[in-house]
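This report concerns only the one structure given below.
The values are calculated or read from the model by the stated rules, or taken from the named source; none is laboratory data. Keep in mind that this is a model prediction, so the values were computed, not measured. Please note: Cβ atoms are built from the backbone with ideal geometry, for glycine as well, and neighbour counts cover all protein chains shown.
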């Protein structure tokens, strides 16, 4: 019976729609009320599905949080990469374009900032590990995009890891501060400050004479 089509919608389409409704509800509630204030019942009410449909898609609210987190970080990454355009441009221009798109998304949808930098902290070892791994990947993306065309791959691996950590740490802390103030500082100022920092880090990688 569950595989039958109703009102032109197949079982798989219904599952996909309910999952989407739960993901949207998760972003709304985790990004406004917060993870700890959000129950399965509240999520289902927001998503307009029954409890049993929640458990068909997710084992727990933590699983939903991780799925929402994955979508939020993917949106941030896609926004930044799409804005880069010509990667042969100078480092500062690349950093400004990528960061402005990244920060515009955060400013336009504060729920994303809350999920990515606030609600995932202190939940569990699994969530913490996911957060740390994703942040480090962001760092590699930022440093890599800014330096790859200039042949900076000669930097020793450990130094590259530390540079990635420093880059994402600086950007993350700046975003947390900015979001905590209700985005009081003009985005252009935040973009300019962070792009100068990242461009400097990428330039330092190019000039670094160290070897393994």
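Residue count for region 108-143 satisfying the condition of being farther than 23 Å from residue 188 by Cα and either more than 12 Å from the chain's Cα centre (by Cα) or not in a helix (DSSP H, G or I) (or both): 12.
For first residues located in region 166-186 and assigned by TED's automatic domain parsing to the domain that holds residue 108, partners that are surrounded by fewer than 17 Cβ atoms within 10 Å (Cβ to Cβ) and assigned to a loop (DSSP other than H, G, I, E, B) and lie 6+ apart or on another chain with Cβ distances below 8 Å form the pairs 178/184; 178/185. Kindly check whether there is at least one residue in region 83-97 that is surrounded by fewer than 19 Cβ atoms within 10 Å (Cβ to Cβ) and within 16 Å of the chain's Cα centre (by Cα). Among the residues of region 83-97, at least one is surrounded by fewer than 19 Cβ atoms within 10 Å (Cβ to Cβ) and within 16 Å of the chain's Cα centre (by Cα), which makes the answer yes. Among the residues examined, residue 22 qualifies as within 20 Å of residue 111 (Cβ to Cβ) and surrounded by 14 or more Cβ atoms within 10 Å (Cβ to Cβ).
Scanning region 181-199 for residues being in a helix (DSSP H, G or I) and in contact with a helix residue (DSSP H, G or I) (Cβ under 9 Å, 6 or more places away or on another chain) gives a total of 12. Just checking, which of 144, 169, 139 is under 20 Å from residue 72 (Cβ atoms) and out of contact with any helix residue (DSSP H, G or I) (no Cβ under 6 Å at 6 or more places or on another chain)? Among 144, 169, 139, only 169 is under 20 Å from residue 72 (Cβ atoms) and out of contact with any helix residue (DSSP H, G or I) (no Cβ under 6 Å at 6 or more places or on another chain).
Helices (runs of 4 or more DSSP H) fully within region 1-107 that include at least 3 residues being in the same structural domain as residue 117 (by TED's automatic domain parsing), closer than 25 Å to residue 173 by Cβ and without any contact (Cβ under 8 Å) to a residue 60 or more places away in the chain: 61-84.
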